[in-house]
Amino acid sequence: NWRLARSIAEEQLSKLQAGANEFKPEPMPVDVEGYPGFRYVVLIGQEAISNAEAEIDNMMADDMTTSDRRMWQRERDDLRMARQKGLSIDDYRRQTLERESDPNAVPSEDDLEEVAVIVYFPNATLDPDDPRREQTFILKAKVSTLAIHGLTPQQADGLAAQKGLTANNPSGGAGAAPGGKSDG
């Protein structure tokens, strides 16, 4: 079951990295056809992944040690990233959340997003009445936002133009308009 779970996760991640999905995946579990008890979910963004990991830890842990350790690791990673950007940890987290939830963001090959494929599968070695009879396998990677949305660079440029944004001016403020002409 572990090998099959890994294979499923690798396949789904490969599809996402290749931009083979027509739309950005929804964070909803999908049953794996032909494999009863197997399902997967694709999560995008550090916040969604951290929340899912904490939930899995809480369900699987007999005590809080695993969950506490994961929380400590997240704090450490966030602090390290905040220091690299010259921000406080709260400012870093706020910016990350804003970036992950920005409805005006235009996908780009250069912008990477944390992605996880979580496969839930039956634990064949435990008693069927054991509450931990379901196991999880998590595969994480950074994937371009362009691939996540299943867009070509030309489609992303068209989307940016629709939103009044350009590659040089992703915030939509004054500057070069699509086609190289300046505003004004």
- Item | Criterion (outside any helix (DSSP H, G or I), open to solvent by less than 30 Å² (accessible area, probe 1.4 Å) and modelled with pLDDT of 80 or more) met by exactly one of L13, L43 | L43
- Message: Could you go through the stretch 52-65 and let me know if any residue there is surrounded by 15 or more Cβ atoms within 10 Å (Cβ to Cβ), modelled with pLDDT under 80 and part of a loop (DSSP other than H, G, I, E, B).
- Response: yes
- Query: In the stretch 19-34, what count of residues is obtained for those that are in contact (Cβ under 8 Å) with a residue 60 or more places away in the chain, open to solvent by 60 Å² or more (accessible area, probe 1.4 Å) and in contact with a helix residue (DSSP H, G or I) (Cβ under 7 Å, 6 or more places away or on another chain)?
  - Reply: 1
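The values are calculated or read from the model by the stated rules, or taken from the named source; none is laboratory data. From a predicted model like this one, the values you see are computed outputs, not experimental measurements. Neighbour counts run over all protein chains shown; Cβ positions are idealised from the backbone, glycine included. Each accessible area value is taken on the protein alone, full model and side chains, heavy atoms only, with ligands, DNA and RNA left out. Shrake-Rupley method; radii C 1.70, N 1.55, O 1.52, S 1.80 Å.
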